Amino acid sequence: MRPGPFGKVKMLLVLSLLLAAITGAGCSGRAQAGNSTAPAPFDAPAATEDKLLNELRSKGLPLDEAQCHEIRTIVAEQFQLQPAELMLDVSIEQQAPGANAFDIVEIIMNIEESLGVAIEDQLFEEVIGPINIVEAAKLLTLGNIYELAGTALARKNP
């Protein structure tokens, strides 16, 4: 069975990280702390996040506040942002200029490890829709990532 687009990117990411470790090079494409093009901090993430959690629960997705916090922290750390700066309905790329497909794959891999779930290409397409890996940072939002993680949790623990 051939790997889907995210499977291929995961393999490329692992190879890139190994190469970086061997050569001592770091990863590029990360937003720098203090970047003036980043959006202003989101003032009330709790109210909006509670609304989203209720929507996800109404769909039968078992995501709780602690898991949302963990996901938000994973995404924020990927781009050297504070978790409170992330907005639910704004694309990752708009919040972290320079975000790319490797960042998205790394975020997904960290969520998989943290929550003990597998987020396969097929699940990604079912939840988010058909998406080109290169376009993922432009189209994905934190809210989409919550839904993706919640769906993976629901399938893990039916």
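The values are calculated or read from the model by the stated rules, or taken from the named source; none is laboratory data. Treat the numbers as computed from the prediction; the structure is a model and nothing was measured. Positions of Cβ are generated from backbone atoms using ideal geometry, with glycine treated the same way; all protein chains shown enter the neighbour counts.
Of note:
- Pick from the stretch 53-85, criterion touching a residue at least 12 places away in the same chain (Cβ under 8 Å) and polar (S, T, N, Q), ranking: farthest from Asn110 (Cα to Cα): Gln82
- You will find that of Pro97, Pro62, the residue that is of a type outside the set (A, V, I, L, M) and either touching a Phe, Trp or Tyr at 6+ places or on another chain (Cβ under 6 Å) or modelled with pLDDT of 90 or more (or both) is Pro97 and no other.
- Residues being surrounded by 15 or more Cβ atoms within 10 Å (Cβ to Cβ), under 21 Å from Asp89 (Cβ atoms) and not small (Gly, Ala, Ser) - total across the stretch 121-137: 4
- Within the stretch 75-104, the set of residues being among the polar types (S, T, N, Q), under 21 Å from Leu52 (Cα atoms) and assigned to a helix (DSSP H, G or I) comprises Gln94, Gln95.
- Check on Ala118, at pLDDT 90 or above, touching a helix residue (DSSP H, G or I) at 6+ places or on another chain (Cβ under 9 Å), hydrophobic (A, V, I, L, M, F, W, C) and loosely packed, with under 14 Cβ neighbours inside 10 Å: yes
- When the stretch 50-69 is filtered for residues that are part of a helix (DSSP H, G or I) and surrounded by fewer than 18 Cβ atoms within 10 Å (Cβ to Cβ), the ones remaining, listed by number, are Asp50, Lys51, Asn54, Glu55, Arg57, Ser58, Glu65, Ala66, His69.
- Check on Val105, under 22 Å from Arg57 (Cβ atoms), in contact (Cβ under 8 Å) with a residue 40 or more places away in the chain, buried (at least 16 other Cβ atoms within 10 Å of the Cβ) and aliphatic (A, V, I, L, M): no
- Condition check for Leu123: touching a Lys or Arg at 6+ places or on another chain (Cβ under 8 Å) and closer than 18 Å to Asp50 by Cβ: no
- If you go through the stretch 105-142 and keep only what is hydrophobic (A, V, I, L, M, F, W, C) and over 17 Å from Ile71 (Cβ atoms), you end up with Ile131, Ile133, Val134, Leu139.
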